[in-house]
Amino acid sequence: MAAMDSIRNIVILTGAGISAESGIDTFRGANDGRGGLWENHRVEDVATPGAYERDPDLVLRFYDMRRAAIQDKQPNAAHHALARLDREWAREPGRELLIVTQNVDDLHQRGGARRVLHMHGQHLTAWCGACDMRSPWTGPLAQRPPCPACGAAALRPDIVWFGEMPYRMDEIYAALRKADLFVSIGTSGAVYPAAGFVRSARELGIRTLELNLERSQGSDWFHETRLGPATQVVPAWVDELLGG
Ligand code: NAD
């Protein structure tokens, strides 16, 4: 990657592709042959506020299954490489790093990364519709357990559904404005506003790099694209950036 010496501040966007080799199903890949189904459900039946209003039991059971499924999955070499970058990059004065993830699993954290922002929420917290508190949560929600904070049976998955506003957008754009490098890893570029970060980065004059199994929808916006499985291309890029 050109002009590596001039890079100080990095924003990394990750998507479902970084967790694919840990055994967590992605949502869509151009060639996945699943016809828009996710774990045999149409997205609009499980991942929208309307779906939750229509059939809360189905939605809660779907997320109970996903929440249970991520807990026996392990971070892979790509998560570990980003955790190493997280540890080593910002140790130098004047350098910053932020990992913005669309993922709702906890594999970045379990891999050891600390500067992680979950813009689409997380499986391992529950959000109370009565008192607005978020609580750590590993079990099911379908039986309507009481909120640990207020006792109301009003907990929902702390997941940003389609049509809802992603979290912490101000922080993300503030980090982008300071960045010299934007890297997108394992995301199809189909879900906005995350899919628009590369365009914002270009408008801000930031160097952009895509690491993905296949070209994303916004691939033409990137200065450089490296194709391959995340467990190979991410550690190789981190080694290059950190000098081996
Ligand atoms: P996506 O499913 O739309 O796209 C996955 C991308 O990953 C594709 O571009 C595909 O080519 C790439 N990919 C697949 N296997 C890969 C590999 N081994 N190495 C590198 N890249 C690989 O994912 P998205 O763009 O993140 O959007 C999906 C939405 O669904 C997000 O909002 C996310 O919140 C949610 N989601 C999250 C998880 C998770 O937390 N692990 C899983 C599925 C969906």
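So what are the ³J(HN,Hα) numbers for region 124-130, from phi and the Karplus equation (6.51, -1.76, 1.60; θ = phi - 60°), rounded to whole Hz, Gly and Pro as x?
Values, residue by residue: 8, 10, 10, 10, 8, x, 8 Hz.
For region 98-113, take each phi angle, set θ = phi - 60°, evaluate the Karplus expression 6.51 cos²θ - 1.76 cosθ + 1.60, and give the result in whole Hz per residue in order, putting x for glycine and proline.
In residue order, the calculated couplings are 9, 9, 9, 10, 8, 6, 10, 7, 10, 6, 4, 5, 5, x, x, 6 Hz.
Using the scaling law 2.2 N^0.38 Å as the reference, what is the normalised Cα Rg of region 59-136?
Working it through for region 59-136, the quotient is 1.27.
Determine the share of the chain's accessible area contributed by carbon and sulfur atoms, expressed in whole percent, with a 1.4 angstrom probe.
51 percent
With charges only on Cβ, +1 for K and R and -1 for D and E, what is the dipole size of region 70-139 about its Cα centre, in debye, rounded to 20? Provide the component values of the computation, followed by the final result.
On the way: 9 positive and 8 negative charges, 36 e Å.
Roughly 180 debye, rounded to the nearest 20.
Leu213's amide H: which non-local residues (gap 5+, or another chain) put their own amide H closer than 5 Å, with H modeled 1.01 Å from N in plane and none for Pro or chain starts?
Amide H neighbours of Leu213, under 5 Å, 5+ apart: Gly186, Gly228.
Normalized C-alpha radius of gyration of the chain, against 2.2 N^0.38 Å?
1.02
Provide Asp72, Asp220, Asp158, Asp57 ordered by accessible surface of protein heavy atoms (probe 1.4 Å), highest first.
Details: Asp72 110, Asp220 145, Asp158 5, Asp57 70 Å².
Output order, biggest surface exposure first: Asp220, Asp72, Asp57, Asp158.
So what's the projected area for region 32-161, the Cα convex hull averaged over all directions, in nm²?
Result: a mean projected hull area of 9.6 nm².
If you count only protein heavy atoms with a 1.4 Å probe, what accessible area per residue comes out for region 39-143, rounded to a whole Å²? It would help to have the intermediate numbers written out before the result.
Working: 4860 Å² over 105 residues.
It amounts to 46 Å² per residue over region 39-143.
Pull up all non-local amide H partners of Asn9: gap of 5 or more, or a different chain, and H-to-H distance under 5 Å with H placed in the peptide plane.
Close amide H contacts, sequence-distant or interchain: Glu96, Asp180, Leu181.
Given H placed on each backbone N at 1.01 Å, which residues far from Gly189 in sequence or on other chains put an amide H within less than 5 Å of it?
Under 5 Å from the amide H of Gly189 lie the amide H atoms of Gln217, each far enough along the sequence or on another chain.
Which percent, nearest 5, of DSSP beta bridges in region 108-244 are antiparallel?
In region 108-244, DSSP labels about 45 percent of beta bridges as antiparallel.
Looking at the chain only, what percent of DSSP beta bridges run antiparallel? Nearest 5 please.
Within the chain, antiparallel bridges account for around 30 percent of the total.
For region 168-244 and region 49-79, what is the centre-to-centre distance using only Cα atoms, to the nearest Å?
If we compute the Cα centre of each part, the gap is 26 Å.
Which whole-Hz ³J(HN,Hα) couplings does region 192-198 yield from phi under the Karplus relation 6.51 cos²θ - 1.76 cosθ + 1.60, θ = phi - 60°, glycine and proline marked x?
8, x, 4, 5, x, 4, 5
Taking just the alpha-carbon atoms of region 106-244, what radius of gyration and Dmax come out, in angstrom?
Cα radius of gyration and Dmax of region 106-244 are 18.0, 53 Å respectively.
The values are calculated or read from the model by the stated rules, or taken from the named source; none is laboratory data. Bear in mind that the values here come from a model prediction, so they are computed numbers and not experimental data. Methodologically, a virtual Cβ is constructed for each residue, glycine included, from the backbone with ideal geometry; neighbour enumeration extends over all protein chains shown. The area values use the complete protein model at the heavy-atom level, side chains included, leaving out ligands, DNA and RNA. Shrake-Rupley method; radii C 1.70, N 1.55, O 1.52, S 1.80 Å.
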